[in-house]
Structure formats: C-alpha cells, structure tokens
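A.B. asks: Would you mind keeping the following structure in view while I ask a few things?
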Amino acid sequence: MPGASPSLPTLIDTPDGSRTAFNARFGEAYGSRFGAAAQARHVFVEGTGTHTHPAPRVLEIGFGVGVNFRATLTDTTRRGATLEYVAYEFDPAPVEVLRAVAEGNEGAEHPAWLALLDAWPTLPTLTVETEQVRLTVHFRDVLTAKLPQEWASALYLDGFSPDRNPEVWTPEVAQQLAAALAPGGVLSTYSAAGRVRRALAAAGLSVEKRAGPKGKREHLRAVQGE
Ligand SMILES: C[S@@+](CC[C@H](N)C(=O)[O-])C[C@H]1O[C@@H](n2cnc3c(N)ncnc32)[C@H](O)[C@@H]1O
C-alpha cells in the first residue's frame, strides 16, 4: 500500500478484483486469496440464503476487514431489503486497512460503509443506522459475549482457520451459535473440517456439505430446525 506504515497489514489482491489483507497475529489472510468477494457471496450471502431473505438478520463471528458485510450490504441494497447485521470482532484492523481493502469495490460508497469508516473503531460497540441498514459491531471476544437468542436468520462463522484460531470452532461455541439462530436460520462457514461438522451436528444443527467457492472443494452449511 503506497505510503502506508510498514506495520499495517499487507493488502492482497485477489483474482476476482477484490482485496483482502494479511493478519500477522494469526499468520493468515482475512479472506480467500482465490477471490475474497466471491467467497463472501458464495459461502456467506448465498450459503445462508441471505440473498433471498426479505429482511435478513445476520450474526457474524469475525468482522475482520468487512468484506462479508459489504457483500451483504450490496445484495440487500440491490433488492431493496432491510438488513440487521450484528458482528463480533476482538482485534479491530486499522481503519486504513478497511478503507484500502474496500476501495473501488462493491459497497465502498454505500452510506452505511462510509459511516462505519468514520466511526471505526468505537469501543466497546459501534452502531451505524441508515434507512435500511442497522449495523452493530461489538469489539469483544465472542467467547465471553452474550449472543442474541433465536435471533439470526443467518450466521456467518468466519474465524481464522480451525488450526490457528481453534477457540471459535469448539462444540461449546457451536452450541452458543445454534442458540443464536432463529428457527430455520442457517449457519455457513468456509471450513469443511470434520471436527467443525461434528461440533455443529452435536449442537443440534442439520449439517450439509456444499460445493465450495473457487479454491475450495466444499464448505459447510448448517440449518436450525423449524
Ligand atoms: C477470517 S477473519 C474474518 C474476515 C471477515 N469476516 C471479513 O469479511 O473481512 C477472522 C476474524 O475473526 C476475529 N476473531 C478471531 N477470534 C475471535 C474471537 N474469539 N472473538 C472475536 N473475534 C475473533 C479475528 O480478529 C479476525 O478479524
């Protein structure tokens, strides 16, 4: 990134024209190097059925650099749907990184995104409200958070990989996430790991493998019973 301080996370251009960034603490990219926006759309927006929901309520574990939020915002804005979005993030990236990752990409000029950049990060909780969007980012560890109960139509489980960020993929967290889903709500994640599938199933969700986005054979989606 021209002119950036060397301590800022490195930006990564991905083949679909979107960007992600490298997180040094976890030694991983925030999103897919094969297409960050494509993964956001395929795994999270479409994988949870958010793209057809009349008024989605999304709960995200790991707001990161906001790629999933912008993909969701772009979809609901295009359809004229309202969006409630609640995210948890315990290590906010510098605002310059959120801005640079988004620049020239979908949602970057949306008033809700611009308001988010203006306020980022407001501890402990940042709220943005426009006519059709209400976004809340809780800057805290999701492991000790009290999640909304039976609330989410969609849950984006987007921690770093189970090997590097194992604490968000445990059966105990899966139980909490299942309780946060409304009846019929859908959790989706880029991971297809057996231990993740077993944790979600043990939490009472109906888990299935679905074809993955570019660079990933499969990913998991898990449905809360009606
Ligand atoms: C793969 S990145 C998320 C990318 C993001 N969804 C996006 O669209 O840019 C994982 C994120 O989860 C956050 N995270 C990891 N463990 C967490 C925890 N226990 N509580 C809250 N956030 C956590 C990390 O700081 C990181 O920002």
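A.B. asks: When the residues of the stretch 106-128 are filtered to those that are acidic (Asp, Glu) and free of Cβ contacts under 8 Å to residues at least 12 places away in the same chain, which remaining residue is nearest to Ala36 (Cα to Cα)?
C.D. replies: That would be Glu109.
A.B. asks: Right, next: May I ask you to verify whether Arg99 is within 14 Å of the ligand (Cβ to nearest atom), of a type in the set (Lys, Arg) and surrounded by 15 or more Cβ atoms within 10 Å (Cβ to Cβ)?
C.D. replies: For Arg99, the condition - within 14 Å of the ligand (Cβ to nearest atom), of a type in the set (Lys, Arg) and surrounded by 15 or more Cβ atoms within 10 Å (Cβ to Cβ) - is met.
A.B. asks: I'd like to verify a number: residues in the stretch 121-135 that are within 13 Å of Ala87 (Cα to Cα) and surrounded by 15 or more Cβ atoms within 10 Å (Cβ to Cβ), how many?
C.D. replies: Number satisfying all stated conditions: 5.
A.B. asks: Taking into account only those residues within the stretch 141-198 that are within 14 Å of the ligand (Cβ to nearest atom), among the charged types (D, E, K, R) and out of contact with any strand residue (DSSP E or B) (no Cβ under 7 Å at 6 or more places or on another chain), which is farthest from Asn68 (Cα to Cα)?
C.D. replies: Filtering the stretch 141-198 for residues that are within 14 Å of the ligand (Cβ to nearest atom), among the charged types (D, E, K, R) and out of contact with any strand residue (DSSP E or B) (no Cβ under 7 Å at 6 or more places or on another chain), the one farthest from Asn68 (Cα to Cα) comes out as Glu172.
A.B. asks: To continue, here is another question. Does any residue in the stretch 15-28 that is without any contact (Cβ under 8 Å) to a residue 24 or more places away in the chain come within less than 7 Å, Cβ to Cβ, of a residue that is assigned to a strand (DSSP E or B) six or more places away or on a different chain, and which pairs are these?
C.D. replies: Pairs that qualify, where the first residue is without any contact (Cβ under 8 Å) to a residue 24 or more places away in the chain and the partner is assigned to a strand (DSSP E or B), are Phe22/Ile12; Phe22/Ala29.
A.B. asks: What number of residues within the stretch 38-68 are small (Gly, Ala, Ser), surrounded by fewer than 24 Cβ atoms within 10 Å (Cβ to Cβ) and not in a loop (DSSP other than H, G, I, E, B)?
C.D. replies: So the answer is 1.
A.B. asks: Confirm whether Val86 is under 24 Å from Thr144 (Cα atoms), touching a residue at least 60 places away in the same chain (Cβ under 8 Å), surrounded by fewer than 24 Cβ atoms within 10 Å (Cβ to Cβ) and more than 10 Å from the ligand (Cβ to nearest atom).
C.D. replies: Yes.
A.B. asks: Among the residues of the stretch 35-66, count how many are among the polar types (S, T, N, Q), under 13 Å from Arg79 (Cβ atoms) and in contact (Cβ under 8 Å) with a residue 60 or more places away in the chain.
C.D. replies: Count: 1.
Values quoted throughout were computed directly from the atomic coordinates according to the rules given, and no laboratory measurement underlies them. Just so it is clear, the structure is predicted and the values come from calculations on it, not from any experiment. Methodologically, a virtual Cβ is constructed for each residue, glycine included, from the backbone with ideal geometry; neighbour enumeration extends over all protein chains shown.
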